[in-house]
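The values are calculated or read from the model by the stated rules, or taken from the named source; none is laboratory data. Keep in mind it's a predicted model, so treat the numbers as computed, not measured. Backbone-built Cβ (ideal geometry, glycine too); neighbour counts: all protein chains shown.
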Amino acid sequence: MKDLALIEELWTVINDRAAHPSPDSYVSSLLTHRKGIDKPLEKVGEEATEFILAVKNGVDQRTIEEGADLFFHFLVALKAAGIEFEDVLAELASRRK
């Protein structure tokens, strides 16, 4: 599925930025911030709030944009926490009945 390839590519880029930090990389700036894991977690909270507001306001395009932002920052926070995205997928798979 093409969409899964995009997620895999995004996860690969996040892992690469973690392994090879660059001052020009937004992901690197989140993962190496002086606040530590608090910075990516703050972004997850901010994007979750913006997503909720977009849904509540019934603004489809903003909901899509904020959903993408939330998902992206969720992945960065997972990396900051040392959790593999595959482990989240395995947990979801284990819940299927």
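Listed by first and then second residue, the pairs with beta-carbon distance under 7 Å, at least 6 apart or on different chains, first residue in segment 35-53 and in a helix (DSSP H, G or I), second of a type in the set (G, A, S) and modelled with pLDDT of 95 or more, are P40/A77; P40/A80; L41/A77; V44/A77; F51/G67. Specify the residue that is farthest from the chain's Cα centre (by Cα); the eligible residues are those in segment 1-36 that are of a type in the set (A, V, I, L, M) and surrounded by 16 or more Cβ atoms within 10 Å (Cβ to Cβ). Applying the filter and picking the extreme gives A18.
L89 falls short on exactly one of the conditions (1) modelled with pLDDT of 95 or more; (2) in a helix (DSSP H, G or I), and that condition is (1).
In summary, I37 fulfils each of the numbered conditions (1) out of contact with any Lys or Arg (no Cβ under 7 Å at 6 or more places or on another chain); (2) within 17 Å of E9 (Cα to Cα) with the single exception of condition (2).
Results for (1) among the small types (G, A, S); (2) within 12 Å of F74 (Cα to Cα), shown as yes or no for each residue.
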position: L4; (1), (2): no, no
position: S28; (1), (2): yes, no
position: T32; (1), (2): no, no
position: L41; (1), (2): no, yes
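For segment 48-75, filtered to residues that are of a type in the set (D, E) and in contact with a Phe, Trp or Tyr (Cβ under 8 Å, 6 or more places away or on another chain), the residue that is surrounded by the most Cβ atoms within 10 Å (Cβ to Cβ) is E66.
In segment 8-15, the condition of being without any contact (Cβ under 8 Å) to a residue 12 or more places away in the chain, in contact with a helix residue (DSSP H, G or I) (Cβ under 6 Å, 6 or more places away or on another chain) and in a helix (DSSP H, G or I) is met by no residue.
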